[in-house]
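Student: One structure, as structure tokens, below. Some questions next.
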Amino acid sequence: MSRDCVIGLQWGDEGKGTIVDVLSSSYDIVARYGGGCNAGHTVTIGNKKYKLNLVPSGIFQSTAVIGSNVVIHPSSLVKEITQLRNDGINIDLYIDYDCPVTALYHVKRDEHDEKNAGRIGTTCRGVGPTYENLRKGFTLKQLVDGTYMEIAEENLKTRFNDLNISFDAVVKELDPTIEIIEPFLANTKRIVRSYENVLFEGAQGYNIGIYTGDRPFVTCSDPNVTGIADSFGFLEIKKRIGVFKAYSTRVGDGPFPTELNNDIGDWIRKKGNEYGTTTGRPRRCGWLDCQLLREAVEYNAITDLAITHIDTLSDISELYIHTVNGQLKAMKTWSSLLPFMNSKDALPANAQSYLEEIESQLTVPITIISTGPERNEKIPVR
Ligand code: GTP
Ligand code: IMP
Ligand code: MG
């Protein structure tokens with residue numbers, strides 16, 4: 001039996017989607033446990049790029065599960081499922097009855113707050129307001145059985161009445177989604193416990209976690225290994241794979257100690273195509289921060305590391321890492337890292353040294369090296 005997980009160790013967008021995709025064929029199910037349609041995972045298979053927000057990245061090679069602490073914006077979910085079906089993907093998916101629903105007024109509240117004082121740079125998908133309103137919100141089960149109407153009406157009259165949204169507008173958005181979503185609903189706690197091999201898929205990352213990030217610049221769920229329990233209860237998780245980029249990026253406001261507000265930062269953004277999957281916003285770029293990474297590794301008791309975007313750093317004019325002791329350390333650069341290299345030994349010597357330095361800073365082995373977005377650009381290290 002193996003219950004393992006993939007966790008984002010930075011500010012999200014580490015490339016968890018592509019790592020989950022390659023690993024998923026070894027698991028019976030792949031289960032997402034947090035976030036909502038704020039998440040954007042990109043999976044590249046051949047020359048086709050799939051952008052996922054709610055559907056787990058395991059959908060291409062495994063059975064997918066959405067756990068009860070993932071907040072669902074029904075019309076976004078329906079759109080995503082329809083798009084995948086149009087692309088010929090078989091939707092083998094279970095969604096928990098108890099998932100909280102993001103209604104129109106949550107999205108409008110998010111948009112309103114971002115336009116006014118107190119902006120933190122959210123994705124404006126209504127995810128924060130849905131989590132903040134968990135106690136008085138409604139679930140997919142209540143959407144399907146119709147009891148949601150009373151709750152939505154009460155929300156519109158009280159906590160959200162300043163937004164001037166009509167009850168009809170809320171229902172109009174939700175009603176057509178019901179018959180499409182209903183067949184997927186299940187008790188996912190029971191399903192997850194009945195399978196031998198499960199991979200839990202994280203969304204976002206440690207530094208924007210509700211308990212581990214710098215408030216208020218955080219998302220509203222727990223992206224860490226501890227967040228798995230919020231959807232599925234306590235389970236032993238064997239392999240805890242931490243994913244990180246070879247440098248750092250952050251989308252949205254908030255502290256970013258190694259940020260490069262200069263030509264090198266711009267160079268990384270361009271080479272790494274660092275624009276938000278969900279919002280298209282340019283991502284802020286900076287050096288790898290081993291001090292913060294080490295905290296994330298320890299918090300999650302990470303057993304294995306997966307590094308992505310090592311190819312992006314190829315040909316950079318200078319290269320530094322922020323060490324666990326808080327110093328900037330110059331690293332030797334490399335060039336000509338070719339796509340589809342299939343062993344660690346084939347990488348340029350200075351790229352190998354970069355990986356070894358990170359392993360020694362983080363005291364955990366790198367067992368997957370990603371040298372490009374494609375499925376077959378992932379090097380397993382034995
Ligand atoms: P969140 O759940 O939003 O945190 O997303 P994520 O961790 O799944 O990452 P996301 O897909 O948002 O961003 C990663 C981007 O990098 C995607 O566009 C991937 O296609 C791309 N990518 C992943 N691995 C590599 C890599 O090794 N090299 C390069 N060049 N691109 C990569
Ligand atoms: P929210 O989750 O949309 O409320 O946004 C809160 C903060 O988390 C903002 O800084 C967002 O940019 C950031 N955020 C949320 N989801 C993601 C993600 O999937 N990748 C990267 N940043 C994210
Ligand atoms: Mg993303």
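The values are calculated or read from the model by the stated rules, or taken from the named source; none is laboratory data. Note that this is a predicted model, so its numbers are computed, not measured. Virtual Cβ from ideal backbone geometry, glycine too; neighbours counted across all protein chains shown. With ligands, DNA and RNA removed, areas are computed over all heavy atoms of the protein, side chains included. Shrake-Rupley method; radii C 1.70, N 1.55, O 1.52, S 1.80 Å.
Student: Any idea of the accessible area per residue across the chain, 1.4 Å probe, to the nearest Å²?
Tutor: Values: 15820 Å² over 382 residues.
Averaged over the residues of the chain, the accessible area is 41 Å².
Student: Once you've got the GNM for the chain with C-alpha springs shorter than 10 Å, pick whichever of F160, F60, F138 has the biggest mean-square fluctuation.
Tutor: The residue with the greatest mean-square fluctuation here is F160.
Student: List the relative contact order of region 281-363 as a percent without decimals, with contacts defined as Cα pairs under 8 Å and 6+ residues apart.
Tutor: 30 percent
Student: When only the heavy atoms of the protein chains count and the probe is 1.4 Å, how do Y94, Y247, Y27 rank by accessible area, highest first?
Tutor: Y94, Y27, Y247
Student: Right, something else. Working out 0.36 nm times the residue gap between N90 and K329, then minus their Cα-Cα distance, what length gain in nm do you get to one decimal?
Tutor: Contour length minus the Cα-Cα distance gives 81.3 nm.
Student: If every alpha-carbon in region 24-92 counts as one equal scatterer, what log10 I(q)/I(0) does Debye give at q = 0.13, 0.20, 0.22 1/Å?
Tutor: -0.33, -0.82, -0.99
Student: Which angle between 0 and 90 degrees, to the nearest 10, do you get for helix 290-299 versus the longest principal axis of the chain when only C-alpha atoms count?
Tutor: In the chain, helix 290-299 runs at an angle near 50 degrees to the longest axis.
Student: Could you pull out every residue, at least 5 positions away or on a different chain, whose amide H is within less than 5 Å of the one on L185? Hs are placed 1.01 Å off N in the peptide plane, and Pro or chain starts have none.
Tutor: Result for L185 returns I95.
Student: At 1.4 Å probe size, what's the solvent-accessible area of D266? Round to the nearest 10 Å².
Tutor: Solvent-accessible area, nearest 10 Å²: 80 Å².
Student: Expressed as an acute angle from 0 to 90° and rounded to the nearest 10, what is the orientation of the C-alpha long axis of helix 349-362 relative to the principal long axis of the chain?
Tutor: With both axes taken from Cα atoms, the answer is about 60 degrees.
Student: Compute the acute angle (0 to 90°) between the alpha-carbon long axis of helix 74-86 and the principal axis of greatest extent of the alpha-carbon atoms of the chain; round to the nearest 10°.
Tutor: Long axis of 74-86 versus the principal axis of the chain: about 60 degrees.
Student: Any idea of F167's accessible area? Nearest 10 Å², probe 1.4 Å.
Tutor: Approximately 60 Å² for this residue.
Student: Let me ask something else about it. Would you mind getting me the FRET efficiency between M1 and I178? Use the beta-carbon distance for r and R0 = 30 Å, nearest 0.05.
Tutor: 0.25
Student: With r as the distance between the Cβ atoms of K344 and N197 and R0 = 25 Å, compute the FRET efficiency 1/(1 + (r/R0)^6) and round to 0.05.
Tutor: 0.45
Student: Given N residues in the chain, what is its alpha carbon radius of gyration divided by 2.2 N^0.38 Å? Don't skip to the answer; put the middle values down first.
Tutor: Numbers: Rg = 20.6 Å, N = 382, 2.2 N^0.38 = 21.1 Å.
Normalised by 2.2 N^0.38 Å, the Cα Rg of the chain equals 0.98.
Student: I've got another one for you. Could you please state how large a percent of the accessible area of region 203-350 is carbon and sulfur, counting protein chains only and using a 1.4 Å probe?
Tutor: Result for region 203-350: 49 percent of the exposed heavy-atom area is carbon or sulfur.
Student: From the protein chains alone at 1.4 Å, what is the descending order of accessible area for Y211, Y131, largest first?
Tutor: Working: Y211 150, Y131 25 Å².
So the residues, ranked largest to smallest area, are Y211, Y131.
Student: Additional query: From the P(r) of region 123-218, can you give the percent of Cα pairs sitting at distances over 24 Å?
Tutor: 42 percent
Student: At a probe radius of 1.4 Å, what is the per-residue accessible area of K136, in Å² to the nearest 10?
Tutor: Only protein atoms counted, so the area is about 90 Å².
Student: Straight-line reach from K238: which lysines fall under 22 Å, measuring Cα to Cα and dropping same-chain residues less than 8 apart?
Tutor: Filter leaves K16, K189, K378.
Student: Follow-up question, since we're still on this one. Can you classify region 257-382 as rounded, prolate or oblate using the Cα gyration tensor, where a ≥ b ≥ c are the square roots of its eigenvalues, rounded means a/c under 1.5, and otherwise it's prolate if a/b beats b/c and oblate if not?
Tutor: Values: a/c = 1.28, a/b = 1.05, b/c = 1.22.
Taking the square roots of the gyration eigenvalues as a ≥ b ≥ c, region 257-382 is rounded.
Student: With a 1.4 Å probe and all protein chains in place, put K115, K344 in order of accessible area, largest first.
Tutor: K115, K344
Student: What three numbers, in Å, describe the spread of the alpha carbons of region 66-151 along their principal axes, ordered from the longest?
Tutor: If we take the Cα atoms of region 66-151, the spans are 44, 30, 19 Å.
Student: Suppose R0 equals 22 Å; then what is the FRET efficiency for N376 and S26 from their Cβ-Cβ distance, rounded to the nearest 0.05? Before the final figure, lay out each step's value.
Tutor: Values: r = 16 Å, r/R0 = 0.71.
Step by step, r from the Cβ atoms, then E = 0.90.
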